[in-house]
1. What number, rounded to the nearest 500 deg cm²/dmol, is the helix-based mean residue ellipticity at 222 nm of chain A, given -39500 (n - 2.57) per DSSP H run of at least four residues and division by all its residues?
2. To one decimal place, what Kirkwood hydrodynamic radius in Å is obtained for the range A:130-274 from all pairs of distinct Cα atoms?
3. DSSP beta bridges in the range B:134-282, what fraction antiparallel, as a percent rounded to 5?
4. As an exercise, use a Förster radius of 22 Å and the Cβ-Cβ distance of B:Val133 and B:Lys278 to find the FRET efficiency, rounded to the nearest 0.05.
5. State the percent of C-alpha pairs, over all pairs in the range B:168-212, separated by a distance greater than 15 angstrom.
6. Sort B:340-351, A:75-86, A:197-208, B:168-179 by the packing proxy (mean of other Cβ within 10 Å over each peptide's residues), most packed first.
7. To the nearest 20 Debye, how big is the dipole of the protein assembly as shown about its Cα centre, given +1 on the beta carbon of each Lys and Arg and -1 on that of each Asp and Glu?
8. How big, in percent, is the set of alpha carbon pairs in chain A lying more than 36 Å apart?
There are 2 protein chains.
Amino acid sequence: MSEGSAGRTGVALTERQKISWLRLIRSDNVGPIAFRDLINHFGTAENALDALPELSRRGGTKQAYRVATVSEAERELEAARRCGAVFIGIGEPGYPAALRQIDGAPPLLAMKGDLKAATRPSLGIVGSRNASVSGAKFAAMIARDAGRAGYIVTSGLARGIDTAAHRASLETGTIAALAGGLDRPYPPENIGLLDEITAGRGLAISEMPFGWEPRARDFPRRNRLIAGISLGVAVVEAAHRSGSLITARYAADFGRLVFAVPGSPLDPRCHGTNDLLKQGAIVTTSADDVLEAMAPLSQFELPLPSVREPEGQTQSSPAATSDNDRAAIVHALGPTPVETDDVVRHTGLSPAQVYLLLLELDLAGRLDRHAGGLVSLTSVE
Amino acid sequence: MSEGSAGRTGVALTERQKISWLRLIRSDNVGPIAFRDLINHFGTAENALDALPELSRRGGTKQAYRVATVSEAERELEAARRCGAVFIGIGEPGYPAALRQIDGAPPLLAMKGDLKAATRPSLGIVGSRNASVSGAKFAAMIARDAGRAGYIVTSGLARGIDTAAHRASLETGTIAALAGGLDRPYPPENIGLLDEITAGRGLAISEMPFGWEPRARDFPRRNRLIAGISLGVAVVEAAHRSGSLITARYAADFGRLVFAVPGSPLDPRCHGTNDLLKQGAIVTTSADDVLEAMAPLSQFELPLPSVREPEGQTQSSPAATSDNDRAAIVHALGPTPVETDDVVRHTGLSPAQVYLLLLELDLAGRLDRHAGGLVSLTSVE
């Protein structure tokens, strides 16, 4: 570790570390959890990168394992620079404090705009793309009042409610979380809005690589980002099984407040929000309902996360694992998600061994990770 | 007591008893609570009638106390007959079982229509007079489904939601609770609807005398009747401080279920219902939400009430009370409602004495009775 102040705000990564981190998270099958476990095991991303091929081979990868190269990472950093964006690591001072707390927070976040926005307490506001006039008006009202009260308003840059929330908080600050790379904003009609956001007191963020075109399946991850960054999420109009409900589900899982605006049971745009109310979401009919519930939360100093490269005690080659142990793990797992602790108990192996063996399977593309730290074998096995 | 089967369904009053009951409840300052206490003290309404002048004199009445005469009661019974209505006493088999349970249930209920309707489990449905189209549609939907599920739908014959609820349950049965006498229905445009209700499987009910024109201040009492008769009350659209919220408040006080239909925070007709949701009302977006919550309640056999004339042990003249004790009671009371038990403790008098002294003050028009058995001196004292 080097420059940057330590303490509660985190420590800055060196340029060299940042390249290693970017290579590691962009390498095959390295998700945020594997990233964390790799850093925990090897001490640094650099050491972990050296170990990746061996680990994935042990895990039984079916195809050649690809480690992201230095020049790939440098190209992405250059793309970020051209775009006017930077990468912030999970342990660095500028990383959103609330996002750090969630399991599987992105190790590196691409950010563009007013970086200070990421360190302010956030209210997420999400809802239908085909919002009603009154829904959009209500979202704007909450966004405006929350902005005046000091919150940064985070949303997904989608049509409808998202757009209304961003627009109403342009002056006070708003964060747009993208499902693709920062240089691939979606939808096209909101590119102008995004430019306004990043030119002013707002911020665009993404955990996806530059150049990444968002696909349908990337949006839940974007929703997770909105929920993770926010102390509370307000859902204004949402149909059954809509993306906004995914955001609300993530928010509830992360222990964040979930607000839902009631609406007519005869309007399909309100079915999802009314369902949230049935599940215990806070009935929200004014910005005050949100601000009163949020006030106590925004006082907290959030602790730093566990993903940081420690000084000293690094390890460049992985601890040995045995084929027998690996077989026991594979045998213990199935398509049903189970807790890692149960795998430890079931196999009688040490936690450190189990974590490493799971990491191998993960890197080999044979492991699925689920909310709450659960794991299962990928269904193609 | 004489004809009629005893047991859980109650015992029928004789014609002579009914005239005494009607005289007693129509005499000056005799509300349901005073009625109950009088029956408890004197054993029969007939004995209580004899004691009324003396009790009110002791209580310090300022004007001549008026006991309803036999001929007045006979005239009202005749008016009921002409109207096609009957009076049912609180202890009689045809009295609504849920209404019996509330503190201050009317001792006599005037009923017109299919009397069996009063013995079926009821769902109250109330709401705005200036309902929206979708509000009226939703009320009709709940009423229809609740009717099909075997519930009688009770409402207040008002415009808007009430009308929609009655109409949608005409075939399965509906109860209209009136704020005035049964021969003084309000509003005029719903007289045709009321005729349809009473000609079919429905019922009109009132606790007010025949010939009584409803005034604004009679409507909360009508709302109380709706809440008292129903195992649950669904509120569909209600503005802040509307009558429907009074009905909901009574329902909550009586331990009944309160359902509220969510609506847009930007529609004033939904402010009251959304407030109910904030206070814990059941989020209601379909008839199933109501029926699922009601199902366990409608299984219960409700016990008989305490207001019945016992056989033997009647008493025709009131127990003596002393002026000192009365002064102590008046001194103990003030404009703030207090519990009768506290008056007992504070004065050191026996509960029987306190009840009788309070009864005297009540009959003299010097006592106000409040929800939960609380009492206060009338503010004009």
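The values are calculated or read from the model by the stated rules, or taken from the named source; none is laboratory data. The model shown is predicted, which means the values in this text are computed figures rather than measured ones. Every residue, glycine among them, receives a Cβ derived from its backbone with ideal geometry; neighbour counts consider all protein chains shown. Only protein heavy atoms, including side chains, enter the accessible area calculation; ligands, DNA and RNA are left aside. Shrake-Rupley method; radii C 1.70, N 1.55, O 1.52, S 1.80 Å.
1. Theoretical 222 nm ellipticity from helices: -12500 deg cm²/dmol.
2. The answer is 15.0 Å.
3. Around 0 percent of the beta bridges assigned by DSSP in the range B:134-282 are antiparallel ones.
4. Given R0 = 22 Å and the Cβ-Cβ separation, E is 0.30.
5. Every Cα pair in the range B:168-212 considered, those over 15 Å come to 37 percent.
6. Taking the mean over residues of other Cβ atoms within 10 Å, the ranking is B:168-179, A:197-208, A:75-86, B:340-351.
7. Approximately 1200 debye in magnitude.
8. The proportion of pairs with Cα distances above 36 Å equals 25 percent.
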